[in-house]
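The values are calculated or read from the model by the stated rules, or taken from the named source; none is laboratory data. No experiment lies behind these values; they were computed from the predicted model shown. Note: ideal-geometry Cβ built from the backbone for every residue, glycine included; neighbour counts use all protein chains shown. Side chains included, ligands, DNA and RNA excluded: accessible areas come from the protein's heavy atoms. Shrake-Rupley method; radii C 1.70, N 1.55, O 1.52, S 1.80 Å.
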Amino acid sequence: MQRDKFFKDVENLLHPNETLVKTHCAYCGMQCGMNLRVNRATNKIIGVEPRYDWPVTVGKMCPKGVTAYQQTNHDDRILTPLIRDDASLKGTKEGFREASWDEAYDLIAKKFSELQKKYGKDSLSVFSGVSMTNEKCYLTGKFARVALGTRYIDYNGRFCMSSAAGGFLRSFGVDRGSTLPWTDIHETDCLFLAGSNTAECHPTSMFRVWNVQERGGYIIVADPRETPVARRADVHLDLKPGTDLALANGILNELIQNGYADEEFINNHTNGFEETKELVKDFTPEYTSELTGVAPEKIIRAAEIYGRSPNAVVMFARGIEQQHKGVDNVSGYTNMALVTGKIGRPKSGVATFTGQGNGQGGREHGQKADLLPGYRKITNPEHVEEVCNVWNITPEEMPKPGVSAYEMFELMEQKTIRGLYLLCSNPAVSAPNLNFVRRAMKNLDFMLCSDFYLSESAEFADVILPSVTWSEDEGTVTNLEGRIIKINKAQEPIGKSKPDWQIQVELAERLGRGRYFSHLKTAKDVADEFRLASKGGNADYYGATWDKIDKQDGVFWPCKDANDKGTPHMFLDKKFYHADGKAKICALPYRPPAEEPDEKYPLRLTTGRVVYHYLSGNQTRRIQFLRDMCPEPYVEVHPDTAKKYNMDHEDKVRLYTRRGEAIYKVKITEAIREDTVFVPYHFGHEQSINLLTIAALDPMSRMPEFKVCAAQMEKVEIKKVQ
Ligand code: SF4
């Protein structure tokens, strides 16, 4: 069990006639520890208490976490299966009627079978998400490949964590989102935070972040916006959106030129240094400043602080990852740690702030177009055989790799994909270039959606199945450290809702594939098969039994067997996961954003989160307190820019790009660059900023460039009523 100085032995208050159910938050990758309060008379969840005994967040939660319990018994829950009777109303909330599970299953089986008979196995697709347990993520991958037999499965992590995954795989040969436990972070001497609005997006990390400064250490922030953490940083590198790679190369060059490279580490444990050194030598502070807009002296100072600090942690998030060179950005910042040898030891390393609750585990076990459980590759015959042995199918039966999330919508638009099973995701809000994506969804012959609220995406469905919230089922998730933790059930499912793993087992039976699924009667049965399927892979969970997770306050993967306690620190033996055991220092030529500002679209548009909402807002927009605190989106504009456009605070503006437009209220703030505007992305229908964003994809991760495109705006004149 890991404890640090923040850990206090505070006892939770036990209210009379209540049971406290130990679990974790429904939302982000922090997975803060919480106790759900359950009334013993009604067996209903009625509130929440923080978990002071949870070593990562020691009793801290954010506004989303303290209200998450209100999801479970919310009036908006879908309580029975729904079937759409009127196809002309697709894309709206209207036209559904209640149905029995039998009627819904019969219709789904009939439609799926008809489509596959007429257009082939691959005419169906699965689009899933990573706010589900590992067990559900695992079974969704198996369901797509074994029950449906389709190659087309991908998930919303493609819009969230895929560039971090790609960067880690290239640099280290393995993708674990953090090389060290969070309980180390406040003990480092320098935190370099790139593209992370930590105080709003992962607020319960902040006590550790501030503690670095309080102990005399340094905080460096690279962000186009003056976020709360940037405001108190020792150096704020206020770069233009989309120029991170130039900044990373510039800082690396400074580190090398000023003698901070660790030659012993480089020679013994890495490849690629000489080539990288040669490439970055052009990135002088002046040239880097020209590309990024950051003053040369700030670049020099940041490199000096990082280089001189005995220990340092480089941390990043979607700001650098959601770009069409997101993988390069990740490897570029990771180069800083590899060149200075600040990795593979306590208090130093590299970490990404995982966005979704199970963004780490959900990407490791077979929901990605090219991956199988345990981070196995579907293109590797040995890996395929290992998984086939667990699934009892032949390698010939295993579908080939599919395509990424956005590319599936392209295939829907072209009618190559005719049917969709959507679960745990809301791409009608969260995908880029939404006019196109919504058209593609409307183009489907048949769409099944499983959700607990009627999301903007469910509006396109022909059948909706009621799934359960996180509090009505059990299983594991893997938090942003790579720590496997346990989610416990606090209440029985309401209405006729069912967990997605159960829906898949029952649906497989209807599709004539029950023999591969019928032994899975409980979430624990799925967990046992899933651990076995991961055994021997890079992301090996075999030794992470529910018992061990409970006893140890979580288990860090890899955890290979019963005697293995797990791996909180990666690479302590200086062995990386590439074949020669070395890490790769990557030479990365700079590429500008896919769309640069021009005369017609002179502004840079960037998007992100606010503290009160989670992802597409399907859950948080329904919680009264969160809606009161942030009821609508807005556009942040610098005062000088507002003056140029003759705009006042709260004026309405039409913001537009080559792909779409939306109307927002202006929020004037000095916390944004003059050449940049920012809009939060948690809102649906005509308020979605993703109507405007660009689908330029990273060549490796296929991550769309959410974080930058060229835009223009104009004031909307409100006509006075005569
Ligand atoms: S949303 Fe994230 S930071 Fe907030 S309570 Fe939940 S897990 Fe913690």
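Around E636, with a cut-off of 11 angstrom between Cβ atoms, what is the net charge of the other residues, counting Lys and Arg +1 and Asp and Glu -1?
Value of the local net charge: +2.
Expressed as a whole percentage, what fraction of the accessible surface of the range 363-438 belongs to carbon and sulfur atoms when a 1.4 Å probe is rolled over the protein heavy atoms?
45 percent
Could you give the DSSP H helices of the chain that reach 20 angstrom or more along their long axis (alpha carbon positions) and whose average Kyte-Doolittle hydropathy is no lower than -0.5?
Once both thresholds are applied, what remains is 326-340.
Taking the inverse of the average 1/r across all pairs of different Cα atoms in the range 352-401, what Kirkwood radius in Å do you get?
11.5 Å
Rolling a 1.4 Å sphere over the protein heavy atoms, what is the accessible area per residue of the range 206-283, to the nearest Å²?
So the range 206-283 comes to 38 Å² accessible per residue, rounded to a whole number.
With Cβ to Cβ distances under 12 Å as the rule, what net charge do the other residues near G149 carry (K, R +1; D, E -1)?
+3
Set the bar at 23 Å for Cα to Cα. Now go through K342/K584; K298/K600; K496/K521 and name every pair that lies beyond it.
From the list (K342/K584; K298/K600; K496/K521), the Cα-Cα distance tops 23 Å for K298/K600.
Using a/c under 1.5 as the rounded threshold, could you call the range 487-607 rounded, prolate or oblate? The axes a ≥ b ≥ c are square roots of the C-alpha gyration tensor eigenvalues, and prolate needs a/b larger than b/c, oblate otherwise.
Oblate.
Can you list the aspartates and glutamates whose alpha carbon sits under 20 Å from that of K44, skipping same-chain ones fewer than 8 residues off?
Result set, ordered by chain and number: E18, D75, D76, E472, D473, E474, E492.
What does DSSP give for the chain in terms of the percent of beta bridges that are antiparallel, rounded to the nearest 5?
Bridges in the chain are about 50 percent antiparallel.
Beyond 28 Å, what share of the Cα-Cα pairs of the range 83-236 remains, rounded to the nearest whole percent?
48 percent
Just how many pairs of Lys in the range 90-178 have C-alpha atoms closer than 16 Å, counting pairs that are eight or more places apart or on different chains?
Going through the range 90-178 pair by pair, I get 4.
Among the aspartates and glutamates, select those whose C-alpha is under 16 Å from the C-alpha of K377, and discard any that sit fewer than 8 residues away in the same chain.
Here the aspartates and glutamates satisfying the reach criterion relative to K377 are D154, D175, E364, E385, E386, E396, E397, D540.
Taking 0.36 nm per residue of separation and subtracting the Cα-Cα distance, what length does fully extending T416 through T394 add?
In short, 5.3 nm is gained.
Kindly identify the range 385-497 as rounded, prolate or oblate by the Cα gyration tensor criterion: order the square roots of the eigenvalues as a ≥ b ≥ c, call it rounded if a/c is under 1.5, otherwise compare a/b with b/c, prolate if a/b is larger, else oblate.
It comes out oblate by the Cα gyration axes.
Tell me, what is the percent relative contact order of the chain, built from C-alpha pairs under 8 Å that lie six or more residues apart?
Rounded, it is 19 percent for the chain.
What number comes out for the charge environment of K240, summing +1 per Lys or Arg and -1 per Asp or Glu over other residues with Cβ under 15 Å away?
Net of charged neighbours comes to -4.
Might you tell me the accessible area per residue for the range 516-637, computed with a 1.4 Å probe and given in Å²?
In whole numbers, the range 516-637 has 43 Å² accessible per residue.
Going by average Cβ neighbours within 10 Å, how do the peptides 646-656, 460-470 rank, with the highest at the top?
460-470, 646-656
Mind listing the long-range amide H neighbours of I672? Cut-off is under 5 Å, sequence gap 5 or more, other chains count too, H placed in the peptide plane at 1.01 Å from N.
E226
Given an 8 Å cut-off on Cα distances and at least 6 residues of separation, report the relative contact order of the range 400-523 as a percent.
Worked out over the range 400-523, it gives 17 percent.
How long are the semi-axes of the equivalent ellipsoid of the range 617-701, defined as square roots of 5 times the Cα gyration tensor eigenvalues? Whole Å, largest first.
22, 20, 12
Could you state the accessible area per residue of the range 133-182 in Å², with a 1.4 Å probe and every protein chain left in place?
Spelled out: the 1.4 Å probe surface of the range 133-182, per residue, equals 8 Å².
Once amide H atoms are built 1.01 Å from N in the peptide plane, which residues 5 or more positions from G47, or in another chain, come under 5 Å H to H?
R37
Treating the Cα atoms of the range 537-610 as identical point scatterers in vacuum, please give the log10 of the normalised Debye intensity I(q)/I(0) at q = 0.24 Å⁻¹, two decimals.
-1.08
Quick check on the range 613-691: of the DSSP beta bridges with both residues there, what percent are antiparallel, nearest 5%?
60 percent
What is the packing order of peptides 482-494, 169-181, taking the mean over residues of other C-beta atoms within 10 Å and listing the highest first?
Top of the packing list down: 169-181, 482-494.
Let me know the shape class of the range 432-488, please: from the alpha-carbon gyration tensor, a ≥ b ≥ c as square roots of the eigenvalues, rounded when a/c is under 1.5, otherwise prolate if a/b is greater than b/c, or oblate.
oblate
Binned at 20 Å from 0, what are the whole-percent values of the Cα-Cα distance distribution for the chain, short to long?
18, 53, 27, 1
Got a number for carbon plus sulfur as a percent of the range 1-108's accessible area, 1.4 Å probe?
Summing carbon and sulfur atoms, their accessible area is 51 percent of the total for the range 1-108.
In the range 433-555, what % of DSSP beta bridges are antiparallel (nearest 5)?
Of the beta bridges lying entirely in the range 433-555, close to 50 percent run antiparallel.
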